[in-house]
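In what follows, a structure is listed as structure tokens, so that the remarks can point back to it.
The values are calculated or read from the model by the stated rules, or taken from the named source; none is laboratory data. Computed from a predicted structure; not experimentally measured. Please note: Cβ atoms are built from the backbone with ideal geometry, for glycine as well, and neighbour counts cover all protein chains shown. We work out accessible area using only protein heavy atoms, side chains counted, and drop any ligands, DNA or RNA first. Shrake-Rupley method; radii C 1.70, N 1.55, O 1.52, S 1.80 Å.
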Amino acid sequence: MTGAKRWLIAGIVLAVVVSIFSAQFNRYHLGIIIDIGINIILAVSLNLINGHTGQFSLGHAGFMAVGGYTAAKISLVVSPMLPPALQPMIFLFALLAGGGLAALAGLGVGIPSLRLRGDYLAIVTLGFGEIIRVVVQNMDSVGAASGLKGIPKYTTLGWAFSLAAVTIYFVTALVNSTYGRGFIAVSDDEVAASSMGINPVRYKVTAFVTGAFFAGIAGGLYAHHKQFLSPTGFDFLKSIDIVVMVILGGMGRTTGVVVAAILLTLLPEVLRQFSEYRMIIYSLLIIVLMMARPQGLFTWNRKKGGAA
Amino acid sequence: MDWLLQQLINGLALGSIYALIALGYTMVYGVLRFINFAHADVLMLGAYAAYFLAPAVNSIFPLPSLTGTLIIVLLSAMICAAIGILIEILAYRPLRQRPRLTVLITAIGVSLFIEFTCQHKAVFGADTKPFPQLLPEHDFHLGGLVIGSNDLVVVVTTLLLLGGMWFIVQRTKMGTAMRAVSFNQQAAALMGININRIISFTFGLGSALAAVAGILYALKAPGIDPLMGVQPGLRAFIAAVLGGIGNLPGAALGGLLLGLLETFAGGISGLSNYRDGIAFAILILILLFKPAGLLGKATIEKV
């Protein structure tokens, strides 16, 4: 584990050091780089649910929305009351609160998922994401359908990438621990796993809660990066985006998923001049990918063709 | 009392459309065990087929008229059946032996592809187009109740098609083969059933139903656009799962139930904003207690 820890510290130090020079970057480029950090957190956390544990969640954007709105509301209410020096503390607290509430939502989805698998689970998670969107759309305290404006810009490159490093470290360490082998066992064969004394229910719920927590953190970062939240930003398509990152990288392959998150964040920017064809290309990419390399772009030696 | 009856009528009309769409989902699930996300977009294509056919048919059989509408519906259903079969051959057939999740994600890809292609200005464009009036419209007043002729058409058409589907699946050779394939694909193949033909037939039938549902939906909607299939598709899909996916009467029951619940919830002022969420909330509640849906059989995994 010391190796992983070293990577974690290296990642955070690098993020902080680069962050010092972030004023040198072009604003547009800086924005995209922060997007990459946020998407890495989303993809790696979904990978714990969809990849390592072999569940199929289509509601990751819902968790992100819970975290984003909670964090944004907290900093909107609290930050005017406290001196600016405390700003990083407020931000950290807001992010953790957002993550915590998202984790609670994850528990809410995890429990019905105990009895469901495959397509049924996919539908329930999809439905859950939609329910969150509808609820937010009708909550006047967070701006309802017109969105939440004027969120302070707290997210920096350092924050985004330090937290991305923490997410990668946490998920990797969790899955590679003795306890975490159970996730892979559940993904490979639930019945066999439970006959070996592994409780699939506990693992599934743990995966959902942990994944949701980090999605909530990513939502908080996103809110303080874009400074504006709208319920339509967290629709079904956003969940699909994250799912595609996980598939492109290869289910259960952390490195691949990180690379895929980077590529798929850059892709729309590269295709900007063909913006009218962008989504057509994107959907074709999904189909072609599924036909040619369902195990992910960066997987060469996995023992079986993707998690079923 | 009048309010209740009125909501009941509206709910039945809405639920009938959901039931028609849900049938397509459930039939495909029956033979291939995956949710065909592109089904909702075939519905949209059906409405667009009718939109483009209407002026041509109008010159021979002036609209609004029953004959003209029947011709339009038949032609649209045939076009959509062809599209459905084509989608299966191009996108799903190469993946027949792959894990179901791969196929599910491909289906999402196909759905997005159709939606975004149709939104492109060279195809249909993203704007809403007014749907032509196909049938003469008349409101029947029964005491305090108002029954639109379109609502009646929707309910009657659905009942006829449900009956027809039941006949095809239960009483014809093709239907028997469909049931055999859904029961055990390998055994069916060993009995001399051409699996590919049955699957194509199922897709064609489901897509034709989607086309009819799309036209019925468009009759009641203010206009058509490339994303018009998404919301009814999602509901129908919930309806299919609600009734027990793979189960034909279940899909019809789920569709009607969902249509009624949604209309009643929409009629209550505090709840109407949450309409989109209510369908899913009901689904989750029911799956908590009956994971295989209302009429679905719980399967036991053998080790």
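The table for this structure:
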read-out	value
Residue within the range A:278-295 that is over 30 Å from A:G147 (Cα atoms), at pLDDT below 85 and either more than 14 Å from every other protein chain (Cβ to nearest Cβ) or open to solvent by 50 Å² or more (accessible area, probe 1.4 Å) (or both) present	yes
Answer from B:R93, B:R100 - the residue that is within 9 Å of chain A (Cβ to nearest Cβ) and surrounded by fewer than 19 Cβ atoms within 10 Å (Cβ to Cβ)	B:R100
Number of the condition not met by A:N138 [criteria: (1) within 13 Å of chain B (Cβ to nearest Cβ); (2) buried (at least 21 other Cβ atoms within 10 Å of the Cβ)]	(2)
Boolean, A:I49 is under 13 Å from A:A165 (Cβ atoms) and out of contact with any Leu (no Cβ under 7 Å at 6 or more places or on another chain)	no
Residue within the range B:208-217 that is closer than 30 Å to B:Q133 by Cα, among the aromatic types (F, W, Y), modelled with pLDDT of 90 or more and under 16 Å from the mean Cα position of the chain (by Cα) present	yes
Among residues of the range B:55-84, those that are in a helix (DSSP H, G or I) and surrounded by fewer than 19 Cβ atoms within 10 Å (Cβ to Cβ), counted	13
Residue within the range A:208-221 that is open to solvent by 20 Å² or more (accessible area, probe 1.4 Å), closer than 25 Å to B:C118 by Cα, out of contact with any Cys (no Cβ under 6 Å at 6 or more places or on another chain) and not acidic (D, E) present	no
Any chance B:I71 is among the β-branched types (V, I, T), in contact (Cβ under 8 Å) with a residue 12 or more places away in the chain and under 24 Å from B:N247 (Cβ atoms)	no
Set B:L227, B:L242, B:L216: member being touching a residue at least 40 places away in the same chain (Cβ under 8 Å) and either open to solvent by 20 Å² or more (accessible area, probe 1.4 Å) or among the polar types (S, T, N, Q) (or both)	B:L227
Meets criteria (surrounded by 23 or more Cβ atoms within 10 Å (Cβ to Cβ), aromatic (F, W, Y) and part of a helix (DSSP H, G or I)) for A:Y69	yes
Qualifying residue in the range A:188-207 (condition: under 29 Å from A:V17 (Cα atoms) and charged (D, E, K, R))	no
Sole exception among (1) at pLDDT below 85; (2) not in a helix (DSSP H, G or I) for B:Y274, by number	(2)
Extreme residue, modelled with the highest pLDDT, among residues of the range B:219-267 that are over 21 Å from B:I35 (Cβ atoms) and within 14 Å of chain A (Cβ to nearest Cβ)	B:A265
Matching option when the condition is closer than 27 Å to A:G31 by Cα and either more than 9 Å from every other protein chain (Cβ to nearest Cβ) or at pLDDT below 85 (or both), among A:T125, A:T167	A:T167
Selection from the range B:104-145 of residues that are more than 21 Å from A:R278 (Cβ to Cβ) and at the interface with chain A (Cβ under 8 Å from one of its Cβ atoms)	B:L104
Breaking point among (1) open to solvent by 10 Å² or more (accessible area, probe 1.4 Å); (2) touching a helix residue (DSSP H, G or I) at 6+ places or on another chain (Cβ under 7 Å); (3) among the hydroxyl-bearing types (S, T, Y), for B:Y51	(2)
Residue match in the range A:147-163 (condition: surrounded by fewer than 18 Cβ atoms within 10 Å (Cβ to Cβ) and either touching a strand residue (DSSP E or B) at 6+ places or on another chain (Cβ under 7 Å) or within 14 Å of chain B (Cβ to nearest Cβ) (or both))	yes
Residues within the range A:90-102 that are surrounded by 24 or more Cβ atoms within 10 Å (Cβ to Cβ) and farther than 17 Å from A:V135 by Cβ, tallied	3
Checklist (1) under 11 Å from the mean Cα position of the chain (by Cα); (2) more than 30 Å from B:N184 (Cβ to Cβ) applied to B:M27, failing item	(2)
Single residue of the range A:103-122 satisfying the filter (open to solvent by 30 Å² or more (accessible area, probe 1.4 Å) and more than 7 Å from chain B (Cβ to nearest Cβ)) that is nearest to A:L221 (Cα to Cα)	A:L104
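Condition check ((1) at pLDDT 95 or above; (2) open to solvent by less than 30 Å² (accessible area, probe 1.4 Å); (3) part of a helix (DSSP H, G or I); (4) small (G, A, S)) across all residues:
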site: B:G163; (1), (2), (3), (4): no, no, yes, yes
site: B:W166; (1), (2), (3), (4): no, no, yes, no
site: B:V169; (1), (2), (3), (4): no, yes, yes, no
site: B:M174; (1), (2), (3), (4): no, no, yes, no
site: B:A177; (1), (2), (3), (4): no, yes, yes, yes
site: B:A180; (1), (2), (3), (4): no, no, yes, yes
site: B:A188; (1), (2), (3), (4): no, yes, yes, yes
site: B:G192; (1), (2), (3), (4): no, no, no, yes
site: B:G206; (1), (2), (3), (4): no, yes, yes, yes
